[in-house]
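Q: Questions regarding the structure given below will be posed in turn.
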Amino acid sequence: AQSVTQLDSQVPVFEEAPVELRCNYSSSVSVYLFWYVQYPNQGLQLLLKYLSGSTLVKGINGFEAEFNKSQTSFHLRKPSVHISDTAEYFCAVSANSGYALNFGKGTSLLVTP
Amino acid sequence: DGGITQSPKYLFRKEGQNVTLSCEQNLNHDAMYWYRQDPGQGLRLIYYSQIVNDFQKGDIAEGYSVSREKKESFPLTVTSAQKNPTAFYLCASSMRSSYNEQFFGPGTRLTVL
């Protein structure tokens, strides 16, 4: 089975500062990795995904993530955050032969002026 | 505009009552999913369906039931057997060719009074 650990439950950051949201996964097989964003009282929106190929993945809204197989990590980064990036961020993993997405518990990003 | 709709957005129920949450998609996706979200818990899979007239239990199926009579629809019934039903419920769907990339609806917030 696959599992995800999001290492920070809350990340406060000032506007225009860089941010990194950490995600580690556990799996005995090859995996697909995803980052989703959730704004208050809304569904989840896909930010980016790693399926294969280049380990640096670029997504929407200026976010990017790097797949590191040796460290079993998939950290999400943005060089300069905006107030509008305030949201809950979820990392998810699945086996590339399966159906299920296993989600982390989420990281709440709070951007302040 | 293609997408996933969930209704109602807010739902109130008295203890002991069954209630059905609606999920409809016009993305022509084969697979559909129901997740439950509680604060600080991430998303947990309740049921999923890969094709019409077939569905499987997820990690927390007890107290819930589903049906999949049409490709576009995957309603979830929260029964009186569910001990703690107050939560945010999210429906998702994915294509057969890419099971793992899931698209989410806006969610239904259920409150038991």
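The values are calculated or read from the model by the stated rules, or taken from the named source; none is laboratory data. Here the structure is a predicted model, which means the values were calculated and not measured. Virtual Cβ from ideal backbone geometry, glycine too; neighbours counted across all protein chains shown.
Q: Of the residues A:Tyr25, A:Tyr32, A:Tyr89, only one is part of a strand (DSSP E or B), touching an Asp or Glu at 6+ places or on another chain (Cβ under 9 Å) and surrounded by 19 or more Cβ atoms within 10 Å (Cβ to Cβ); which?
A: A:Tyr32
Q: Being without any contact (Cβ under 8 Å) to a residue 60 or more places away in the chain, basic (Lys, Arg), surrounded by fewer than 15 Cβ atoms within 10 Å (Cβ to Cβ) and at negative phi, is that true of even one residue in region B:57-77?
A: Yes; the residues of region B:57-77 include at least one that is without any contact (Cβ under 8 Å) to a residue 60 or more places away in the chain, basic (Lys, Arg), surrounded by fewer than 15 Cβ atoms within 10 Å (Cβ to Cβ) and at negative phi.
Q: Would you check which residues across region A:1-43 are away from chain B (no Cβ under 14 Å), touching a strand residue (DSSP E or B) at 6+ places or on another chain (Cβ under 6 Å) and among the small types (Gly, Ala, Ser) and list them?
A: Scanning region A:1-43 gives a single hit, A:Ser26.
Q: Step by step: first the residues of region B:88-105, then only those that are among the aliphatic types (A, V, I, L, M) and surrounded by 22 or more Cβ atoms within 10 Å (Cβ to Cβ), then the one that is farthest from the other protein chains (Cβ to nearest Cβ). Which residue is that?
A: It comes out as B:Ala92.
Q: I'm trying to understand the selection: among the residues of region B:45-54, which are modelled with pLDDT under 95 and surrounded by 17 or more Cβ atoms within 10 Å (Cβ to Cβ)?
A: B:Leu45, B:Tyr48, B:Ser49
Q: Taking the conditions exactly as written (farther than 18 Å from B:Gly3 by Cα and either within 10 Å of the chain's Cα centre (by Cα) or acidic (Asp, Glu) (or both)), does B:Tyr47 satisfy them or not?
A: yes
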